[in-house]
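The values are calculated or read from the model by the stated rules, or taken from the named source; none is laboratory data. Quick caveat, the model's predicted, so the values are computed rather than measured. Every residue, glycine as well, gets a Cβ built from its backbone with ideal geometry; the counts of neighbours run over all protein chains shown.
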Amino acid sequence: MTQTLYNAYLKLLRECIMLKSISTDPEFTAEMQKTADWFHHQFINNGFTSELVEGFGNPIVLASFIVNKQAPTILVYGHYDVQPAAKDDGWSIDPFHLTEHNGRLVGRGIVDNKGQVLIHTATIFHLIQTKSLTSNVIFMIEGNEETGSPLLESFVRAHASKLTSDYILISDGETIADYPVIEAGFRGVVNATITLRTLKTDVHSGLMGGVAPSAAHEGARLIATFHDAQNRVCVLGFYDHVVEPTVPQLKNNSAIPFSLDDYEKITGSKHVFSESKYDIYTQTGLRPALEVTGLFAGYTGVGYRNSIPGTCLIKLNARLVDGQKPEDLQKALERHVKKHLPSYVSYTIEFSESAPAVTIDTFDPIFGTISTILSTVSGKKVLYKYVGGSIPIVATFKEVLRKPVLSVPLANDDCNMHGADENFQTDYIKRGLDFSKHLFSTQIL
């Protein structure tokens, strides 16, 4: 990795981080367009053929550079949208102003995903300028990943001919304990919002306390039915058809280093829930989970309003593994909620993002090649990780494009993705640039 390449990366990154491409909030629609335009112009200025594809949510940037028609083609996937961020969310700096502190670059999107996709972008621009690029490249950079990419499958099916490639590269995750990682699978996802109503409006807790049913109380009782004391999910049918981890998977995961001190540093907790026979990486990567991710009822402002809440909103996030179908889990949740709410509580349950789990076939020879490059760059053995999170597009790529998906995360595992002070260690960035340069500049594919 040359200092010239690193400096070019930093220049791109500073400009990109400034763009508030928050896809979850319509207020930032103009910023989404500006960000897509920014990527589009970067590709045009570096000799790519580029277009902005409309009609599938926020604009999708589709750019290609052909070195040699006989050379292999790598499709690089990334996303330019980010999670919401504001200084008063706990950030130590302005989240949309790139800042370096103690060997880390800090800013919203620095890891998820602007900083990682720009590693490949900056590297390929550099290789084009030095006439060292050996692979044809297609970039597909979308703007709806943080909202579940609901129309992306339709885009891939409609534009499959423009995505023709030999391999698909994704860098959108974290490494483990300073070891390079190849991701071997992802859990699926189902999101649900349950809204309870017990009263037509909030009522005075002095006049009606002890008489009127509280939506907050009913919400708490419902939440208590989701798990037992060992944190096992109690929704009937939740574990039906779950595929148990294989012996090779268990052997792989048990060999991955785990430090309770590092876990405490990242989470702030010393306690680890886990089924007794599974290590933490099996529990988070190959076992299903159901989490309450939001709970809203009553007054939470300064002081006290002293009223009984008439409504309660509960947000749920389920993580699925092989064998589970999103539609089956949705039906199971509907049955569970209906069974455990009393007749005087009216409710609605709405489902949004959903996707099945996906396992990647890592036996293709290309994974050996990628592993060799990662080991050469890092000086350490490569770990294969089953990821607890979800990248729904991976399943679509496997089904529609039918090419190997190379999911190679580049970020430090304490990057605080989605949280305050999201950060990317500079030594990880430099290692990522080295990996990308090796991948795209040598005749290895």
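So here's what we get for this one:
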| item | result |
| --- | --- |
| Odd one out for residue 276, checked against (1) outside any loop (DSSP other than H, G, I, E, B); (2) more than 21 Å from residue 147 (Cα to Cα); (3) polar (S, T, N, Q) | (1) |
| Qualifying positions in the range 273-295 - touching a residue at least 12 places away in the same chain (Cβ under 8 Å) and surrounded by fewer than 15 Cβ atoms within 10 Å (Cβ to Cβ) | 273, 275, 291, 293, 294, 295 |
| Members of the range 253-273 found to be of a type in the set (S, T, N, Q), within 21 Å of residue 181 (Cβ to Cβ) and either within 21 Å of the chain's Cα centre (by Cα) or not in a helix (DSSP H, G or I) (or both), listed by number | 253, 259, 267 |
| Hits in the range 296-335 (condition: in a helix (DSSP H, G or I) and either polar (S, T, N, Q) or touching a helix residue (DSSP H, G or I) at 6+ places or on another chain (Cβ under 9 Å) (or both)) | 330 |
| Residue in the range 386-404 that is surrounded by fewer than 19 Cβ atoms within 10 Å (Cβ to Cβ), touching a Gly at 6+ places or on another chain (Cβ under 8 Å) and in contact (Cβ under 8 Å) with a residue 60 or more places away in the chain present | yes |
| Flag if residue 434 is touching a residue at least 12 places away in the same chain (Cβ under 8 Å) and under 21 Å from the mean Cα position of the chain (by Cα) | no |
| Residue in the range 78-88 that is part of a helix (DSSP H, G or I), touching a strand residue (DSSP E or B) at 6+ places or on another chain (Cβ under 7 Å) and surrounded by fewer than 19 Cβ atoms within 10 Å (Cβ to Cβ) present | no |
| Scope the range 382-413; condition in a loop (DSSP other than H, G, I, E, B) and over 15 Å from the mean Cα position of the chain (by Cα); matching residues | 382, 402, 403, 404 |
| Residue tally, condition touching a helix residue (DSSP H, G or I) at 6+ places or on another chain (Cβ under 9 Å) and either at positive phi or outside any strand (DSSP E or B) (or both), over the range 54-77 | 6 |
| Matching residues in the range 336-361 - criterion: being in a strand (DSSP E or B) and either closer than 22 Å to residue 149 by Cβ or not hydrophobic (A, V, I, L, M, F, W, C) (or both) | 346, 347, 348, 350, 351, 352, 353, 354, 355, 358, 359 |
| Scan of the range 89-108 for residues that are at pLDDT 95 or above and either under 12 Å from residue 14 (Cβ atoms) or not in a loop (DSSP other than H, G, I, E, B) (or both), ordered by number | 96, 97, 98, 99, 100, 104, 105, 106, 107 |
| Of the criteria (1) assigned by TED's automatic domain parsing to the domain that holds residue 212; (2) out of contact with any Lys or Arg (no Cβ under 8 Å at 6 or more places or on another chain); (3) surrounded by 13 or more Cβ atoms within 10 Å (Cβ to Cβ), which one residue 370 fails | (1) |
| Extreme residue, nearest to the chain's Cα centre (by Cα), among residues of the range 170-225 that are surrounded by 15 or more Cβ atoms within 10 Å (Cβ to Cβ), in a helix (DSSP H, G or I) and hydrophobic (A, V, I, L, M, F, W, C) | 223 |
| Residues of the range 428-445 that turn out to be surrounded by fewer than 24 Cβ atoms within 10 Å (Cβ to Cβ) and either of a type in the set (Ser, Thr, Tyr) or farther than 28 Å from residue 136 by Cα (or both), as a count | 2 |
| Whichever residue in the range 1-38 is over 26 Å from residue 377 (Cβ atoms) and either among the hydrophobic types (A, V, I, L, M, F, W, C) or not assigned by TED's automatic domain parsing to the domain that holds residue 157 (or both) and, among such residues, is nearest to the chain's Cα centre (by Cα) | 22 |
